[in-house]
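Below: one structure, written as structure tokens.
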Amino acid sequence: MSFRRRTYVLLVLAVIVASVATHAFRPGGEALTACGIRDITLAVEVCPPRDVDAILGDVGSPVRAQMHDQTLVDFALIVSYVALWGATGLALNPGVAILAGLAGIADVVENLAILQELPLPDPVPFVRWAALAKWSLLGIVFVTFVFLFRPDHLSGGSRGLLRAATGLAYGVAGVAALGGLVDVRLLAWAGPPLMAAVLLQLLLHLLAHDEFRATRDQRLAARVSTARSLVLEQVLAEEYERIHGPLDAAARRGLAGLYEAIHGLGEKRAALCLSGGGIRSATFALGILQGLARLRMLPQFHYLSTVSGGGYIGGWLTAWLHRSGNDVPAVCDRLGAIDGTKKLGPEATPISHLRDYSNYLAPRAGLLSADTWTLLGTIMRNLFLVWSVVLPLLAAGLIVPRLYLALAHSAPGSPAASTVGGRMLLAVGALALAWAVAYIGASIPSSTTALRDQNRFLVRCLVPLLISVLCLTLYWAWWPTRQWQHFVGLALVVHLIAWAGYTIWLRTPWGAGRPAEGPRLKRAAAFFVELAIVIIVGVAAGYLAWILANVFFPHLDGFLMLYSCLALGVFLSAFLLAATLLVGLISRWTEDEDREWWARCGSWMLLIGVVWLTLSGLVIYGPMLLSGQVARWLLASVGGVSGLITVLGGWSAKSVAGSGTAGTGLPSRLKRLILPAAAGVFAAVLLLATSWLTSAVLGALQGVAVARPPAPPAPQWPFLGVEPSGHVAVLLTSPPWLVLAVGAALALLGCVIALLVNTNQFSLHAMYRARLIRAYLGASNGEPQRNPFTGFDERDNIQMADLWPNRPPASSSAPAPEGRRSLFHVVNMALNLVHGDRLAWQERKAHSFTVSPLHAGSLAVGEEGGYRRTRSNPDVPHSRYGGADGISLGTAITISGAAASPNMGYQSSPLVTFMMTIFNARLGWWLGNPGPAGHDTFYLANPRFPVRPIVAEAFGLT
């Protein structure tokens, strides 16, 4: 059985086991409620509040206690069904998996709301809405499974019938679930067909062999292009053939033959290179071009290489040559005005057009000019749309410390702190900690020959460690035991389990453990020495955790907010101190490589602790700084000024991240100090303001959704609904389910808007590009049909693939005819690599990226090929780089001249990068990866899911 099949079988079995366990904890008996549902659990979920109150009985009734235990066990069912139906949905469409995940989030919110409801005399209305949302999303998922399980995806016979039966069962369950929106009694009919579908799916995976592979392959085939990426040798060879004619076989064998063919040409090749510097360099280069044309030297060049401002005037010249039929001598006559007898009157129209649009962003300047206000309105519109994506995602991320505090505030005696819930937290925390310790033991260089990279460490060690920290610190917040034996016993058991786990793992072929050396007696002694050290470290870790817990938190009454900020760091400190002790105890048997590994491991834990302390402090304590009217306006002013300084300073070409490329004078040094400081101040103000607004939302919702809402003081800003002084009350009274629901809603809002809003089109790039095209490429548009209202003409722009004259079919390599040879325009750009793996790029943080009429790409993308063709091949789907129409000349020169972007090469710095993203200060463009890794994205004009590039850009992960 393949790994894929085993995974599906295990997921189905997990759903079945979790369903049986949940059913075992369900309240006994049945009651026909007023809404017509006999299942007590389902009735509590979807029936009206008055019926739920009658079903549950008085506070403290056995039904409420049983319902509480079942709700806690139901969390395991949520995890299992999201994993199963998410993995199944991926075979059809990623959107199905996303719907399954959203249903799981709604189910978690529903369970937390039920736990909040059980100890209260009045029901929480939010339970019903969360349950209906869950069943609606699952209904859509189940209905789509009908298409996934249809028999034509599998061979005929019994397997086809089994597959059809599985799809039919899911379909019936889906129809019943969706019917619950009309009549909740129909939801009771979804259970039996759903369980039948799960059992049939288990049988299908045990018998079938394709595991939806055909369906997934068909879906991927529609997205993945069969066009291969090109290496630089192929790019140069194709350029040579398109410019000069076919290459012989010897010249195709490598760069040496190609260079020999180039140097063997009768006429030496020459390139005209125009450098950058904005519109000033473009104007200066115009004078150079006029001088070359007057001296009749322009036709002697074969290539035109431009960057930034040189690209503006280079694009202007290329567009003029293209529209004149590539008659270079004729263009030179008009450009240089060589013979006055040939052309009397004013200068050429393309030149006079440049004079008209010298102020290309707003041609008609003035405070009351429509151009000025159009420019301002466009910037504000795009900024609002970007904020509608970024700010909800930012607020959703800042929900995590709130959720932790809300869970920690569930005092002993409340349902969230019951025996079942506490045991679940303790078990999950202990197992996750054992996993993390075992991974560390199995990954130390002296223990294994397998070299595991940083990504594996983050996913397989750091994430489980964080889960364990959160679970164990929550457990202690509910039961703050003061007995050191509990700490030491837990730590010792965890370390022994981890030691046994990684010892066994290293003996397997997958563990790739290093063989022990020396005689058997020596190996046995080493074994027991290691066991003794593990015991010592385990005892020390537990004792250190006990000491730190009692030193920092002698009692938790009134200190839960501080505990939420410091608990994670205190626990990690105990872990790091124990690890330090371990490094010292085993120093006689380890090498420098092991100590370096431990240092990198500890640095990540220290970083996580500092980040958590900073963010949780800003979220929990930051809004208290806004308690006074003066302080509020002062912080708003400081935040606004610092943000303006950051954006304006980040726009400047002199803002650098490193010291090697910056100036050495006092202004440069001050700028390097002021910019990060201003960005840090604004980031802090933004985070605490976001936390304050989140408190306002939660405070407003609690008056509707919570049975016992807090009573904050009368707000001075009524439209916000909560005063900063009431921030603490909101923090300590917000139920966990409501906090999670708000966080999920914010994340969903940001993701949905991101899917609808084109990240590229609504950056400053599109506004900048339209005006550059009108000013420079539109200068040679002899018959403009400009919109009388906006002044733009879409025909001003030209596709890069259309620039090379008289293009023969793709299979031909015939050169352009003599006498009509144009300049082969190569537009140079910067490929931002702020988070690149190459240490050689950590200062400049960028690499060259070029676009020509034939190819686009970069050497930095990959050794197996980093270039794609800019023109399409009718025989190969998705073969054109940069979208269905490819990259245009206007897009290329705008990217090349991007004077500001959050990630802008050596000028990038973490805080400035974050602020530039917040203010949408991006003139660059997101393009697909032209290398092999981008085989399913290089032909896209925009990212499929814009959230990922926005996050990568904000945190310098490009």
Flag if TRP478 is surrounded by 18 or more Cβ atoms within 10 Å (Cβ to Cβ), in the same structural domain as ALA545 (by TED's automatic domain parsing) and touching a strand residue (DSSP E or B) at 6+ places or on another chain (Cβ under 7 Å): yes
When restricted to ALA678, ALA683, ALA700, the only residue modelled with pLDDT of 65 or more and surrounded by fewer than 19 Cβ atoms within 10 Å (Cβ to Cβ) is ALA700
Give me the pairs: first residue in the range 1-30 and farther than 16 Å from HIS68 by Cα and among the basic types (Lys, Arg), second residue surrounded by 15 or more Cβ atoms within 10 Å (Cβ to Cβ) and modelled with pLDDT of 70 or more, beta-carbon distance under 6 Å, and six or more apart or on different chains, which are they? ARG5/HIS205
Please indicate, with yes or no, whether at least one residue in the range 740-760 is in contact with a strand residue (DSSP E or B) (Cβ under 7 Å, 6 or more places away or on another chain) and either surrounded by 22 or more Cβ atoms within 10 Å (Cβ to Cβ) or touching a residue at least 60 places away in the same chain (Cβ under 8 Å) (or both). no
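So, in the range 775-784, exactly how many residues are in contact with an Asp or Glu (Cβ under 6 Å, 6 or more places away or on another chain) and buried (at least 23 other Cβ atoms within 10 Å of the Cβ)?
So the answer is 2.
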Does LEU568 qualify as being assigned by TED's automatic domain parsing to the domain that holds ILE536, in contact (Cβ under 8 Å) with a residue 12 or more places away in the chain, within 19 Å of GLU530 (Cβ to Cβ) and not basic (Lys, Arg)? no
Any residue at all in the range 567-582 that is within 35 Å of the chain's Cα centre (by Cα), surrounded by fewer than 22 Cβ atoms within 10 Å (Cβ to Cβ), more than 20 Å from TYR404 (Cα to Cα) and not aliphatic (A, V, I, L, M)? yes
Scanning the range 74-91 residue by residue, those in contact (Cβ under 8 Å) with a residue 24 or more places away in the chain and over 12 Å from ALA21 (Cβ atoms) turn out to be ILE78, VAL79, TYR81, ALA83, LEU84, TRP85, ALA87, THR88, GLY89, LEU90, ALA91
Only listed residue being surrounded by 14 or more Cβ atoms within 10 Å (Cβ to Cβ) and modelled with pLDDT under 85, chosen from VAL389, VAL428, VAL400, VAL420: VAL420
Can LEU606 be described as assigned by TED's automatic domain parsing to the domain that holds HIS495, surrounded by fewer than 17 Cβ atoms within 10 Å (Cβ to Cβ) and touching a residue at least 24 places away in the same chain (Cβ under 8 Å)? yes
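Conditions (1) modelled with pLDDT of 85 or more; (2) under 16 Å from VAL851 (Cα atoms), marked per residue:
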residue	(1), (2)
ILE262	no, no
GLY310	yes, yes
LEU317	yes, no
HIS322	yes, no
Note on the range 527-546: residues surrounded by 15 or more Cβ atoms within 10 Å (Cβ to Cβ), free of Cβ contacts under 8 Å to residues at least 60 places away in the same chain and hydrophobic (A, V, I, L, M, F, W, C) are ILE533, VAL534, ILE536, VAL537, VAL539, ALA540, ALA541, LEU544, ALA545
Pick from the range 7-66, criterion of a type in the set (Ser, Thr, Tyr) and more than 39 Å from the chain's Cα centre (by Cα), ranking: modelled with the lowest pLDDT: THR33
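The values are calculated or read from the model by the stated rules, or taken from the named source; none is laboratory data. The shown structure was predicted, so the numbers you read here are calculated from the model rather than taken from an experiment. In this analysis, Cβ positions are derived from the backbone assuming ideal geometry, glycine residues included, and neighbour counts consider all displayed protein chains.
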